[in-house]
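Quick notes on the structure that follows.
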Amino acid sequence: MNSNIKLYIRWALVFLWMAVIFYFSSQEGVISHQKSFSVAALCERIVEFFAGKDIITNANRKNFEFFVRKLANVTEYFVLCMLFYRAFLAGGNGYRKSAAKSFIFSFLYAVTDEIHQIFVAGRGPSPVDVGVDSIGMLLYLLPKTLKEKIRKRAG
């Protein structure tokens, strides 16, 4: 595949994923909560199926739902950071520069996402969510850069 086409596709995926994040952040608080509850209920069934017993109780159900919501944030920004990294790498940046730029741009998008939520009914900004989003970024970048360092030393 032509390298220019590959580069355009990678950047298109970055912007598409940013649009997905924007869509989820644009949902009113009540709707977002209902969807999160539905996803958490599905996760609960899956966890309990594999555990072979009921482990999510009324006492810990809210904590479980909170965990599922934050795991979704981590996953969203893990994917965004990965897409940024691949786009920057395809653009000719080295792995260190790609990693740094990916973190910076993903972090800035997380901040703007929280600012955007000021204008959504039933939602609001949370610096804690930016921290949670950053965990997703680091979960992608730390193993990736470590692997590249090891590969470079061995090669």
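Scan region 42-50 and give yes if some residue there is part of a helix (DSSP H, G or I), touching a residue at least 12 places away in the same chain (Cβ under 8 Å) and out of contact with any His (no Cβ under 9 Å at 6 or more places or on another chain), otherwise no.
Looking through region 42-50, at least one residue is part of a helix (DSSP H, G or I), touching a residue at least 12 places away in the same chain (Cβ under 8 Å) and out of contact with any His (no Cβ under 9 Å at 6 or more places or on another chain).
Residue check, R86 against (1) closer than 28 Å to S26 by Cα; (2) at pLDDT below 95; (3) touching a helix residue (DSSP H, G or I) at 6+ places or on another chain (Cβ under 9 Å), all met but one. Which one?
(2)
Among the residues of region 34-77, what is the count of those that are β-branched (V, I, T) and either loosely packed, with under 11 Cβ neighbours inside 10 Å or over 20 Å from the mean Cα position of the chain (by Cα) (or both)?
5
Write out, first by first residue and then by second, each pair whose Cβ atoms fall under 6 Å of each other, whose residues are 6+ apart or on separate chains, and whose first residue, in region 73-97, is closer than 13 Å to L141 by Cβ while the second is basic (K, R) and part of a helix (DSSP H, G or I).
Within 6 Å, the pairs are R86/R10; F88/K101.
Failed condition for L80, given (1) within 21 Å of Q27 (Cα to Cα); (2) surrounded by fewer than 18 Cβ atoms within 10 Å (Cβ to Cβ); (3) of a type in the set (A, V, I, L, M, F, W, C), with all others met?
(2)
Kindly provide the set of residues from region 18-30 that are loosely packed, with under 14 Cβ neighbours inside 10 Å and more than 18 Å from M137 (Cβ to Cβ), ordered by number.
Listed by number, the residues that qualify are A19, Y23, E28, G29, V30.
Residues to consider are F103, F64; find the one that is out of contact with any Leu (no Cβ under 7 Å at 6 or more places or on another chain) and of a type outside the set (V, I, T).
That would be F64, the only listed residue that is out of contact with any Leu (no Cβ under 7 Å at 6 or more places or on another chain) and of a type outside the set (V, I, T).
Is at least one residue of region 2-17 touching an Asp or Glu at 6+ places or on another chain (Cβ under 6 Å) and either assigned to a helix (DSSP H, G or I) or loosely packed, with under 14 Cβ neighbours inside 10 Å (or both)?
no
The values are calculated or read from the model by the stated rules, or taken from the named source; none is laboratory data. Remember, predicted model here, so these are calculated numbers, not experimental data. Here the Cβ is made from the backbone with ideal geometry for all residues, glycine too, and neighbour counts use every protein chain on show.
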